[in-house]
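Shown next, in structure tokens, is the structure this report addresses.
Every number here is computed from the coordinates shown, using simple stated rules; none is lab data. It should be emphasised that the depicted structure is a prediction, and the values quoted were computed from it without experimental measurement. All Cβ positions, even for glycine, are placed from backbone atoms using ideal geometry, and neighbour counts span all protein chains on display.
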Amino acid sequence: MKRVLRDYLILIGMASVIVALDQWTKWLVRTNLPFLGTWVPTGWEWLSPYARIVHWYNSGAALGMFQQGSGVFTVLAFVVAAAILYYFPRVEASDWPLRLAMGMQLGGALGNLMDRLILGGKVTDFISISTFPVFNLADASISVGVVVLILGVWWKERSDKKIIVSTPISADAPTSPDLPISADMPANIDAPTESSQSE
């Protein structure tokens, strides 16, 4: 029971940090920029064609995909959050990449879910890089979480293969199968006698 409680505290801690940062940055954008307004630091105007802050709303999935699907993604966020809460305590403590990925994905899902519930199905996006779709910290957390998960699975498989290859063969293990003795074969062969040698 203590282990499960500790696991949930770790998960909620990771997700809470992401949700707090996500909601705070979105609040700053909504408070200081009009809709479709853009901002770059003073003296960095040359950076505007490549990276900028823009006040934008999105009713679809992360990175502006599947517009007009807000209701579906609201339900999906609840399903994802419930699945992570269920499986997280069952993940081994040593499998930290999977735990980190689940924490990042939970934080991202909850961050955008809060927007949908508060803003009537819309999500505030504000990070604009070149021609890439506008996104937010919750989207970034979900995407990075997926990358961490893939790298973690690859690293675990690689480590397991190394363990199998480097495992020494036990000294007690038979090096070759025992040969059966035929029923017609004598147990031992007598050495030749003197009489047989004289013949």
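Projecting the Cα atoms of 13, 42, 117 onto the charge dipole of segment 6-123 (Cβ charges, centred on the Cα centre) puts 117 farthest toward the positive pole.
Rounded to the nearest Hz, the phi-derived 3J(HN,Hα) couplings of segment 103-108 under the Karplus curve 6.51 cos²θ - 1.76 cosθ + 1.60 (θ = phi - 60°) are x, 5, 6, 5, x, x, where x marks glycine and proline. Database remark: amide H of residue 125 closer than 5 angstrom to the amide H of 56, 57, 58 (H placed geometrically; neighbours at sequence offset of 5 or more, or on other chains; Pro and chain starts carry no H). Between residue 72 and residue 144, the distance separating the two model label sites (each 7 Å from Cα on the Cα→Cβ line) works out to 2.8 nm. About its Cα centre, segment 2-162 has a charge dipole of approximately 400 debye under the convention of +1 per Lys or Arg Cβ and -1 per Asp or Glu Cβ, with nothing else charged.
For segment 108-168, give the magnitude of the charge dipole about the Cα centre (Cβ charges: +1 Lys/Arg, -1 Asp/Glu; no others), in debye to the nearest 20.
On the way: 6 positive and 5 negative charges, 51 e Å.
Using only the charged Cβ atoms, the result is roughly 240 debye.
For segment 47-54, 3J(HN,Hα) computed residue by residue from phi via the Karplus equation (6.51, -1.76, 1.60; θ = phi - 60°) reads 7, 3, x, 10, 8, 6, 9, 9 Hz, glycine and proline entered as x.
Which order do 160, 139 fall in if you start with the one that has the fewest other Cβ atoms within 10 Å? Numbers along the way, then the final one.
Values: 160 10, 139 23.
Exposure proxy ranking, most exposed first: 160, 139.
Bridging of residue 122 to lysines at a Cα separation below 20 Å is possible for 26, once same-chain residues fewer than 8 apart are set aside.
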